[in-house]
Amino acid sequence: MPKIKSVKCHPVSAPIERPFTSSRGWLYKTRGSCIVEIETNDGLVGWGECYGPALVAKSYIDTQFSSRLIGRDPFDVEVIWEDLYNRMKDYGSSGMVISAMSGIDIALWDIIGKESRKPIHKLIGGCFRSEVQCYATGLYFIDMDRLVEEAVEEACGYADEGFPAIKMKIGLGDIRFDIRRVEAVRKSIPDNIRLMVDANHCYSVAQAIRIGRELEQLNIEWFEEPISPEDLDGYTEVSRTLDIAIAGGENEFTRWGFRDIVARKAMDIIQPDVCAAGGISECRKIAALALAHGVECVPHAWGSVIGLAATLHFLAALPDQPPSFKPMPPLLEFEQCENPFRDLLSREPITHRSGLVQIPTGDGLGIEIDRHILERFRVS
Ligand code: CA
C-alpha cells in the first residue's frame, strides 16, 4: 500500500508585462498560485493547485493539514477530504480553507492516477469526450483611453485563432458605455462565435436587470456574476426576470455552498473551480447536485497548467447536460491573459487547436512539471 511521505507547498508569483483590471478595480500586476506537491513512500509525486492567495493556502496546509496526511493511503482521497473538512469546519467551512483542501485533493488524484497507470478521468467515471471546446477569457480593461478599440482587437484575434466562444469583461461604471463596448465586439466577430459577458459582481439587482435586457438584444450566451455572490435572493430575481442565462459560483465552495444556489435555482449555470471549491472529489458532487436540479455546470478556471489539467479531467467525465442527439457539451474556460504558470510550468503546455483542447491521456493529471519554473518564481 502506498503511503504519503511528504507534503510540500510551492508558493509562486510572476510579474506580468501588461497589467490589466476588471470591474473589481484592482490591477493584476502578477500571476501566482500555491502549487502542492505530495510524495509517496514508493517515490511517486502528485501535483495540486490552490486558488487564491498562495501564502494563505500554504499556511493552512503547513500548519493544519500536512501532519494529518503523512502515513495515509492516497487512495483514501475522500476519507482524507472528510477528515480535513471536519478538522477545520468549526473555524469556517468555506473560502481559503477549502481552496487549500482542493490543492491536496488534486494532488492525491494525480498520485492515484500514477499508481493505477490511468488518466484521472478514467477513475472518476470515464471519458464522455476526448476533447472539449474552449472559450477564450480575456477582454479585460488595459488601456483606459482605448477600451472599445482594444476589446475589438483582442476579440478579433481570438476569432482568427479559431475560438468558438469568447468571454469579455464588463462593468465600467456606465451601463451605456458597457453596452457600446459589447455591441462593438459583437459586431466585429462572426455571428456563430458565442459571446459571454462577465461583470465580476459589480451591479445592483436593478442595474443587472436593466443591462441584462440590453444584453439579450445582442446575442449574448450568458451573463456572469451580475451581482454580489452573497445575495442569492437577488440572483433568483435576476435569473427569473431575464431570459439570458445567468452564471456564477466561482467564489462558492463545497456541496453545501452550491446546494443553496441550485436548490433555489438562483443561477442557470454554476461555475465551481476545481482548485477552490473542494477539488475534483467535491466538484463531482457539486456537478451531480446541479444536474439533479436542472442547473448546468461549466467550471471556472483561472490557474496554472495543473488547474487546467484537473479541469480537463473533470470535464471529460461530466455527462452531457442534458443528453441528446447533438448535445451542447460543456465548455472549457481557457483564459488568455499572461500567465507563465499556464504556459511554462509543464514541459508540454496545454494548447488549443481551432478552439479544441485534447483531454490529457497520460497517467494522473497527464502533465510533467518543470521544477525550474517553481524555483524561478518561488515567493519565499
Ligand atoms: Ca468570472
| request: Find, among the GluC sites (Glu not before Pro) in region 193-279, those assigned to loop by DSSP (not H, G, I, E, B) with at most 16 other beta-carbon atoms within 10 angstrom. | output: Glu230
| task | Report, by chain and number, residues whose modeled amide H sits under 5 Å from the one on Leu195, excluding near sequence neighbours (fewer than 5 apart, same chain). | result | Ile166, Glu221
| field | Neighbourhood net charge (15 Å Cβ-Cβ; Lys/Arg +1, Asp/Glu -1) for Ala290 | value | -2
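More than 22 angstrom separation, counting every C-alpha pair in region 278-380; what % is that? Walk me through the numbers on the way to the answer.
Working: 1940 of 5253 pairs.
In whole percent, the long-distance tail amounts to 37.
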| region 263-336: chymotrypsin sites (Phe, Trp or Tyr not before Pro) in DSSP coil with no more than 16 other Cβ atoms inside 10 Å | Phe325
| note | Loop-resident chymotrypsin sites (Phe, Trp or Tyr not before Pro) in region 165-255 with no more than 14 other Cβ atoms inside 10 Å, DSSP not H/G/I/E/B, are none
| remark: Residues Val45, Val185 in order from fewest to most other beta-carbon atoms within 10 Å are Val45, Val185
| remark: If Val295, Val36, Val56 are placed from fewest to most neighbouring beta carbons inside 10 Å, the sequence is Val56, Val295, Val36
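For region 121-223, report the convex hull volume of the alpha-carbon atoms normalised per residue, in Å³, without decimals.
133
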| message | Let me check the size of region 92-133 from its C-alpha atoms; what are the radius of gyration and Dmax in Å? | response | 13.3, 38
| said: Run the helix sum for the chain: -39,500 (n - 2.57) per DSSP H stretch of 4+ residues, divided by residue count, reported at 222 nm to the nearest 500 deg cm²/dmol. | reply: -11000 deg cm²/dmol
| query | Let a ≥ b ≥ c be the square roots of the eigenvalues of the Cα gyration tensor of region 151-281; is it rounded (a/c under 1.5), or, if not, prolate (a/b larger than b/c) or oblate? | reply | oblate
| request: With no solvent and one equal point scatterer placed on each C-alpha of the chain, evaluate the Debye formula and give log10 I(q)/I(0) for q = 0.13 Å⁻¹, two decimals. | output: -1.05
| query | How do Asp174, Asp268 rank when sorted from fewest to most other Cβ atoms within 10 Å of their own Cβ? | reply | Asp174, Asp268
| remark: The alpha-carbon center of region 50-93 and that of region 144-185 are separated, in whole Å, by 40
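No value in this document is a laboratory result; all are computed from the given coordinates. Because the structure is a prediction, the values reported are computed rather than measured. Note that we place each Cβ from the backbone using ideal geometry, even for glycine, and neighbour counts take in every protein chain shown.
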